[in-house]
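Enquirer: Below is one structure. I have some questions about it.
Derivation of every value follows stated rules applied to the coordinates shown; laboratory data play no part. These numbers were taken from a predicted model, which means no experiment stands behind them. Note: ideal-geometry Cβ built from the backbone for every residue, glycine included; neighbour counts use all protein chains shown.
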Amino acid sequence: KAGVTQTPRYLIKTRGQQVTLSCSPISGHRSVSWYQQTPGQGLQFLFEYFSETQRNKGNFPGRFSGRQFSNSRSEMNVSTLELGDSALYLCASSLVRGPGTEAFFGQGTRLTVV
Amino acid sequence: KQEVTQIPAALSVPEGENLVLNCSFTDSAIYNLQWFRQDPGKGLTSLLLIQSSQREQTSGRLNASLDKSSGRSTLYIAASQPGDSATYLCASMDSNYQLIWGAGTKLIIKP
């Protein structure tokens with residue numbers, strides 16, 4: 001069965017631009033979470049979507065937003081890009097929400113802001 | 001606020017050795033504790049998930065334990081192989097189902 005697919009894999013953007021990243025979860029999975037990974041801050045939670053509703057949001061500015069569609073695919077958007085937004089953005093899908101469910105991660109999107 | 005710490009930050013051992021990676025957390029009210037591995041430039045692969053009511057989980061050469069009272073989890077790798085070289089991350093799940101991550105231990109297995 002297909003894993004979590006993130007597109008694009010690599011992206012270079014200029015400061016001030018905006019970017020949209022996509023995540024297709026494993027078929028049947030309804031929960032999608034997004035994380036930012038940087039060498040300095042490590043892995044940080046961005047947000048979680050379940051059944052098209054944002055259930056949880058991390059401590060990031062409003063420039064970071066996301067949504068989930070009826071087929072569980074999710075997108076995240078970053079507006080007015082800053083150099084500090086350069087990071088590996090990871091998406092994880094789970095069958096449902098809850099402590100007993102395993103998270104499966106995609107390969108990530110490497111965003112470079114210049 | 002939950003804080004997750006992994007010590008050491010890096011570890012290099014000869015092939016064939018058994019080894020233990022450590023993960024500590026400050027708030028014992030966790031919903032689960034998960035171990036992942038990350039290969040360079042890649043995403044995360046789930047290794048083991050221990051729910052709060054469990055004490056350990058095993059998968060092949062891997063064994064993870066959880067002691068909530070002391071705020072510790074350990075990942076035991078038996079008979080290490082060069083293919084085990086990766087960064088190992090632990091994460092605890094809080095009441096909002098949010099994962100709080102450690103900084104990881106970079107493991108190098110020397111042939």
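Enquirer: When ranked by the protection proxy of mean other Cβ atoms within 10 Å per residue, highest first, what sequence do the peptides B:16-23, A:29-36 form? If you can, show how the numbers build up before the last one.
Expert: Working: B:16-23: 15.5, A:29-36: 23.2.
Descending packing order for the listed peptides: A:29-36, B:16-23.
Enquirer: Taking every pair of alpha-carbon atoms in the protein assembly as shown, give the share separated by more than 27 Å as a whole percent.
Expert: Working: 8330 of 25200 pairs.
Across the protein assembly as shown, Cα pairs with separations above 27 Å total 33 percent.
Enquirer: Could you calculate the FRET efficiency of A:Q44 with B:K42 from 1/(1 + (r/R0)^6), where r is the beta carbon distance between them and R0 is 25 Å, rounded to 0.05?
Expert: 0.85
Enquirer: Under a 10 Å cutoff between Cα atoms, tell me which one of A:G84, A:G98, A:G40 has the largest fluctuation in the Gaussian network model of chain A.
Expert: Its mean-square fluctuation being the largest, the pick is A:G40.
Enquirer: If you don't mind, another one. Quick one: Cα centre-to-centre distance for the range A:38-100 and the range B:5-76, in angstrom?
Expert: So the two Cα centres are separated by 24 Å.
Enquirer: Along the principal axes of its C-alpha atoms, what lengths does chain A span, in descending order and rounded to whole Å?
Expert: Computed over chain A, the largest-to-smallest principal extents equal 38, 27, 27 Å.
Enquirer: Let me know the mean shielding of A:86-98 by other chains, meaning the per-residue number of their Cβ atoms within 10 Å of its Cβ. Kindly include the intermediate steps, with their values, before the conclusion.
Expert: Values: counts 0, 0, 4, 0, 4, 1, 5, 0, 1, 0, 0, 2, 5.
Mean shielding by partner chains, rounded to a whole number: 2.
Enquirer: What nm distance separates the two modelled labels at B:R55 and B:D67, each placed 7 Å from Cα along Cα→Cβ?
Expert: Distance between the two pseudo-spin positions: 1.1 nm.
Enquirer: Same structure again: Can you order the peptides B:94-101, A:88-95 by their average number of other Cβ atoms within 10 Å per residue, highest first?
Expert: A:88-95, B:94-101
Enquirer: What are the semi-axes of the equivalent ellipsoid of chain B, taken as the square roots of 5 times the eigenvalues of the Cα gyration tensor, listed largest first and rounded to whole Å? Before the final figure, lay out each step's value.
Expert: On the way: eigenvalues 109, 40, 29 Å².
Square roots of five times the eigenvalues give 23, 14, 12 Å.
Enquirer: Please report how many Lys pairs in the protein assembly as shown have alpha carbons closer than 27 angstrom, counting only residues at least 8 apart along the chain or sitting on separate chains.
Expert: Here the count comes out as 11.
Enquirer: Determine ³J(HN,Hα), in whole Hz, for all residues of the range B:11-18 in sequence, where each value follows from phi through the Karplus function 6.51 cos²θ - 1.76 cosθ + 1.60 and θ = phi - 60°; x replaces Gly and Pro.
Expert: 8, 10, 9, x, 4, x, 6, 8
Enquirer: Here's a follow-up. On average, how many beta carbons from a partner chain sit within 10 Å of the beta carbon of a residue in B:36-49? Each step should come with its number before you reach the end.
Expert: On the way: counts 4, 0, 6, 0, 0, 5, 6, 14, 11, 2, 5, 0, 1, 5.
If you average over the peptide's residues, the count of other-chain Cβ atoms is 4.
Enquirer: Could you work out, residue by residue across B:24-35, how many beta carbons of other chains sit within 10 Å of that residue's beta carbon, and then give the average as an integer?
Expert: On the way: counts 0, 0, 0, 0, 0, 0, 1, 3, 5, 1, 3, 0.
Neighbouring Cβ atoms belonging to other protein chains average 1 per residue here.
Enquirer: Hey, what do the phi angles of the range A:45-61 turn into as Karplus ³J(HN,Hα) couplings, whole Hz, using 6.51/-1.76/1.60 and θ = phi - 60°, x for Gly and Pro?
Expert: 6, 9, 7, 10, 10, 8, 6, 6, 10, 6, 9, 7, 9, x, 8, 10, x
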